[in-house]
Amino acid sequence: MAELNKKPTPYIWALRKNQDIKKIYSLEDTLVEVIKYGTKIFTDPKKSKKSSGVVKLYAKAYYNIICAMQGIRLFASFGFTLPKTDKLVSNAKEVTNYQEWKYVNEYHDWLHTESELTLFGYTPEEVLSELLDNSIDVILD
């Protein structure tokens with residue numbers, strides 16, 4: 001994972017033919033589109049003509065986007081603050097001795113080091129496991 005700490009090469013120019021340039025009619029709709037596509041890291045193999053049929057998660061591209069936006073204020077509050085609540089999730093477990101738990105990839109969960117009880121009891125769907133195990137592009141150029 002040391003590859004993720006490498007800063008991306010800054011590109012000064014982008015080819016005009018690769019840009020989708022349109023007039024802005026609605027600032028709100030345009031911001032939604034920019035944020036949606038600017039942070040899109042999944043591909044949908046059914047929608048692409050060039051698709052190999054394999055879903056990919058472009059972590060490298062997302063990392064480059066985040067690095068490019070570093071230090072830029074993108075969001076601000078809307079002028080109100082929600083009240084704080086003390087509600088806990090009903091099936092939450094409180095862990096006081098966190099040293100007794102370790103994350104084990106095979107279980108996709110935290111295991112107690114002595115009793116081997118799981119913390120969440122979560123089992124991911126096979127599609128998610130395949131995506132996480134084989135379809136993440138993390139090597140930076």
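Just so it is clear, none of the values below were taken in a lab; they were calculated from the coordinates. All of these numbers come straight from a predicted model, not from anything done at the bench. Every residue, glycine as well, gets a Cβ built from its backbone with ideal geometry; the counts of neighbours run over all protein chains shown.
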Revision key, fill the gap. For segment 125-135, in residue order, the Karplus 3J(HN,Hα) values (coefficients 6.51, -1.76, 1.60; θ = phi - 60°; whole Hz; Gly and Pro = x) are 5, 4, 4, 5, 4, 4, 4, 5, 7, 10, 10
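Going highest first, how would you order 125-132, 58-65 by mean Cβ packing within 10 Å? Can you show the working numbers first?
On the way: 125-132: 11.4, 58-65: 17.1.
Final packing ranking: 58-65, 125-132.
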Review point. At A14 and E33, where each label point lies 7 Å from the Cα along Cα→Cβ, what is the point-to-point distance in nanometres?
Key: 1.3
